[in-house]
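Read-outs: derived from the displayed coordinates by stated rules, not from any lab. The shown structure was predicted, so the numbers you read here are calculated from the model rather than taken from an experiment. As a convention, Cβ positions derive from the backbone with ideal geometry for all residues, glycine included, and neighbour counts pool all protein chains shown.
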Amino acid sequence: MMFRAGIIACLAMFLIAAAPIQQLQPAQHRAEHSNKEPNDAYGKNHRTKNPPPSATAAPGYIDKTSADAATRAAYKAGKHDGEGAVKWTDRAIVGLTLGLVIAALLQFGAALLQWNAMRRQEQQMRRSIIEGRRASNRQSREVQAQIALARDEFASTHRPRFKVRKITFSQLTPDVPISGHCDVVNVGDMPGKLVEYSVEIVCGTPGERYEYWLPNPKNVRQFNTPLAVGESGTIWFTDGRDLPQSMYDAIKSRNMVAYVFGYVGYTDGAKLRRNTGFLRWYDASYVRFRTINDPDYEYED
């Protein structure tokens, strides 16, 4: 907008200055480019060959031809004050107009410099805003990372701990699948959520290499049970196969051992997944389960 206003002002000043300059051309010059003769001091045309008799007969008559030559000499010397002479007022108007044009050009240049300065300032402000946003985003990410680190550190020291206790056979009879249940207790100092568990029943001879047993994916159960600090939940399990009479008698006589192993999966407040594994064997003499100290099965994340 400022650039357009400056151009319009310059054009207006130029048009104003052109009018008095056109007026500075003498009438003699304009008459030379026309078919008319300049008028004399009396306003008469010099083409008049026969002056009126009264004028020639009047006393003090001046010859038009000599007056015309004197007028032309005065035009050439620039001393004639009649029509077409360059007056001092016209020169003053021309000088004033040129001064206004120069002032308008200077003002336009100043406006252009100011516009460039404002544009550079606007660009600097935009760059400052962009840099400020980047710094703010970077600082926000750093703060979030620090918060996450602090939360992880807090969760590592203050976390839920799930343990498996009180494994019991609810049914151990011939020709019926073995089934039972156990309790999962949160012994930590933060609440957690039980999300998954798997329990397997394996019957074998005492001292069998149970470390090669793997959980059956078909026995994995999904759960969604929150447990507060000190709260417990019950999970159920079954073998799915009928227990033969011979195997039942061997377990009762302790010639065979029934093993129960598996794991429970839970999450803490930071939604970090943790597992607790267990392995127990059934002591038929005392009708209870006993632990086996094996870190591959008895573990806690």
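Descriptive notes on the structure:
- Estimated translational D of region 162-300 in µm²/s (Stokes, Kirkwood radius over Cα pairs; 37 °C; 0.692 mPa s): 210
- Length added when fully stretched, ASP175-ARG138, from 0.36 nm per residue minus Cα-Cα: 6.5 nm
- Normalising the average separation of contacting C-alpha pairs (under 8 angstrom, six or more residues apart) by the number of residues puts the relative contact order of region 245-301 at 30 percent.
- Sum of side-chain charges, GLN139 neighbourhood, beta-carbon under 13 Å (Lys, Arg +1; Asp, Glu -1): +2
- Potential lengthening of the chain between GLU231 and VAL187 amounts to 15.0 nm, from the contour at 0.36 nm per residue minus the alpha-carbon distance.
- FRET efficiency, 1/(1 + (r/R0)^6) with R0 35 Å, evaluated for ASN293 and ASN219 via beta carbons: 0.90
- Selection from ALA250, VAL264, LEU279 lying farthest towards where the dipole of region 242-291 points positive, charges on Cβ: VAL264
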